[in-house]
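The values are calculated or read from the model by the stated rules, or taken from the named source; none is laboratory data. Please read all numbers here as calculations on a predicted model, not as lab measurements. The accessibility values were calculated without ligands, DNA or RNA, using every heavy atom of the protein model including side chains. Shrake-Rupley method; radii C 1.70, N 1.55, O 1.52, S 1.80 Å.
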Amino acid sequence: MVHTTQVLTTSCLGRTCLKWQPDGELTALDLQLVLERLAQVDQDVVAILDRTVG
């Protein structure tokens, strides 16, 4: 019998946690990370990233 254990963490930083500013917008870092992930599957987002970085 094979036993597997699942490591539980109390932090989801870098995985699913998003930080929000008091005005309801994502923090600049989290917005950048979301856009980078979207750009991996959507070429339209690549254009948005190019405009925000440049």
Which members of region 25-54 meet the condition of being hydroxyl-bearing (Ser, Thr, Tyr) and at pLDDT 85 or above?
-> Thr27
Qualifying residues in region 39-54 (those that are open to solvent by less than 80 Å² (accessible area, probe 1.4 Å) and among the aliphatic types (A, V, I, L, M)) - the one nearest to the chain's Cα centre (by Cα) | Ala39
